[in-house]
Structures are given as C-alpha cells and as structure tokens.
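Reviewing the structure listed below.
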Amino acid sequence: GMSFLFITVQTCAGMLINAFIVAVHCIAWIKKKNLTSSEKILMFLGCSRFCLLCITWVHTFLSRIYPELFYVNTIPEILSVLLTFLISSNLWASACLCVFYCVKIANFRHVFFNYLKVNIDRIVPWLLLGSLFLSLLVCIPSYKMTHKMLCNYINATFLGSSWMLNVKADNVVLPFFFASGFGFSMAFVTLILSALLLLFSLWRHKRNMQTSSLKNLSVEAHVKAMKAIMYYFFTYSIYFTCLIFSMPYSAQSKNPLMFLCLVFQYAFPAVHSLILIFGNPQLEKILLRTLPWLPFSWAKGHSLPSSSPSPQK
C-alpha cells in the first residue's frame, strides 16, 4: 500500500542521486582518461549504492507481489548473496572515504602514517579491491543460511512440522547474524577510528597554534573535514543501527520496527550522497547547472569541504 509507495519514491530518489554521481565521474574519466583517488572512491560508492537500492527494491517488490518465488531453489540464494554483498560494499566504500579524509588531512609523525600519506593514491585502488574481497567473504554465510533455510522449509513442509522449522531456523539464523554483523561492524569501526584520529589531529594542531599569531589554513581544513566526517558519522550511525536491528526481523515484513528500519535504510544512500554532492564544489556546481529549476539554493554557503581535500603543507 502506501508504505511500499513511500519506499519506492525513496528508492527512485536515491537511484537518481547516485546515478548522477556515477555519470559525472564517468564523463570525467572519458575526458581526462584518469580519475583522482577521491573520484575513484565516489564512483565506486555511487555504483554500489545504485545497485543496492535497485536490488533491495526488487527484493521488497517480489516479497510482496510474488512471495512464492522465495521458495523456489536458487532465487532466494541469489537475492540474499547480492543484498549482503552490496550492503557490505556500501559500508566499506563509506569507510574508505573516511580513511582517505583522515590520511590526506590529519598530520601525524609516525612512520606508517607518513607512508600512507605519501602513497595514498596507490593504496586507494587496493583499498577498494579489499572492500570487494571482504564483501565476498560476508556473502558465504549468507548463502549457506539461505540455502539451509530453504531446505529446512521444504523438509518441514513435507513432514508437516512447523515446530521443527522454527527450531532449525533459529539454529541457522543466529550464526549468520553474528558472522554478517561482525563483517558489517568492521567497516563501522574503521570509520570511527578515522574520525577519532582526525579529531585528535585537529585538537593537537589547535593547541600548538595557541602560542602562534600566524593564521594557519590547516586549522580551517581540519574544521571543515571534521564537520564533513561528523555528518557522515551521524547518518552512517543511524543506518548501521537500523541495519543491525532489522536483521532479526528480516522475515517479518509487517513488523513496525522493520518498516521503520527499512525507511532509514532506503533514505541513507540518498541523504549521504546528497551530503557528498554539496560537500564537493565541483559536483555541486554541475548539479546546480544541470537542474536550475530545483530549489537547491539553500545549500549555497553551507557546503562541506571537497571530497578531495588537499594535504597539509
């Protein structure tokens, strides 16, 4: 009914926003024959979110219109693996962006951190490949859980024992919940550590500047970056919380808590991508030029720092 229509509108908005990000960077790639590290991360993030919204909407649509398809062999496994892979890719891509912010802007004298700062452009592609690899690993328990659930359902149906089905379902779902939750939590912890390191760098730099009368632009860069990461942290925290809470209720489509979590999960890819667009002067300029009839003027003067911050001198 209205709830599905609301989710559909959210999905369309999120897909359009992320398609815009991908299209802009594809055009830039064709023109320049190359992309910067931040552009690679944003393009990867936009692709993963576009696909995530698409597959999630298809999953929701089929579960409402053709629920019998979820008892056909291979279909539940395919959808479950795709969803788990795309959710994990989305989480890790967001974490990679925060790591990139931290390495480019924060200032530490540790040898390892200096190595990261100098070689970040070569490391970013490997970070993205690592994100894909970790996401594939999370898919393994997802496939096994869905396959066992389907087999248990078929066996319990033939035996006419719903009690046996419920007992086996608990035994299958709990290991999957912990395995997937651990995989998703790794990305969340990565984001938290990046934000804390950047916050510590800002605090230490401001303390060192108290005795100096010179105005250092790196303080402003730190403040802008921290504002951006706090936006990311806030939206990311809501999304991660809803994702974890929705996992035990994934089979209860009519549960009010499940619907609320779904609303936030559908909204996150659109809201966070809008923050990224208005935080990147180039993307914001292209959007305002492409869609002059939309009331985006409120964002002017409130833009976040560019997603490709310059390193400290």
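The values are calculated or read from the model by the stated rules, or taken from the named source; none is laboratory data. Because the structure is a prediction, the values reported are computed rather than measured. In this analysis, Cβ positions are derived from the backbone assuming ideal geometry, glycine residues included, and neighbour counts consider all displayed protein chains.
Numbers at a glance
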quantity: Matching residues in the stretch 57-87 - criterion: being surrounded by fewer than 16 Cβ atoms within 10 Å (Cβ to Cβ) and either of a type in the set (D, E, K, R) or closer than 16 Å to residue 243 by Cα (or both); calculated: 64, 68
quantity: Index of the failed condition, residue 113 passing every other in (1) under 25 Å from residue 227 (Cα atoms); (2) surrounded by fewer than 16 Cβ atoms within 10 Å (Cβ to Cβ); (3) without any contact (Cβ under 8 Å) to a residue 12 or more places away in the chain; calculated: (2)
quantity: Test: residue in the stretch 26-44 that is in contact with a His (Cβ under 7 Å, 6 or more places away or on another chain), of a type outside the set (Asp, Glu) and surrounded by 22 or more Cβ atoms within 10 Å (Cβ to Cβ); calculated: yes
quantity: Residues of the stretch 2-18 satisfying the condition of being surrounded by 18 or more Cβ atoms within 10 Å (Cβ to Cβ) and polar (S, T, N, Q); calculated: 10, 11, 18
quantity: The lone exception for residue 78 - which of (1) assigned to a helix (DSSP H, G or I); (2) under 19 Å from residue 197 (Cα atoms); (3) more than 19 Å from the chain's Cα centre (by Cα) it fails; calculated: (2)
quantity: Given (1) at pLDDT below 90; (2) under 19 Å from the mean Cα position of the chain (by Cα), index of the condition residue 134 fails; calculated: (1)
quantity: Condition check for residue 90: part of a helix (DSSP H, G or I) and crowded, with 22+ Cβ neighbours inside 10 Å; calculated: yes
quantity: Residue 103 being buried (at least 20 other Cβ atoms within 10 Å of the Cβ), closer than 11 Å to residue 37 by Cβ, without any contact (Cβ under 8 Å) to a residue 40 or more places away in the chain and in contact with a helix residue (DSSP H, G or I) (Cβ under 9 Å, 6 or more places away or on another chain); calculated: yes
quantity: Single match in 249, 239, 232 (criterion: modelled with pLDDT of 80 or more and of a type in the set (Ser, Thr, Tyr)); calculated: 239
quantity: Flag for residue 68 being in contact (Cβ under 8 Å) with a residue 40 or more places away in the chain and among the acidic types (Asp, Glu); calculated: no
quantity: Condition check for residue 129: over 30 Å from residue 196 (Cα atoms) and either surrounded by fewer than 17 Cβ atoms within 10 Å (Cβ to Cβ) or of a type in the set (D, E, K, R) (or both); calculated: no
quantity: Qualifying residue in the stretch 29-50 (condition: over 25 Å from residue 123 (Cα atoms) and in a helix (DSSP H, G or I)); calculated: no
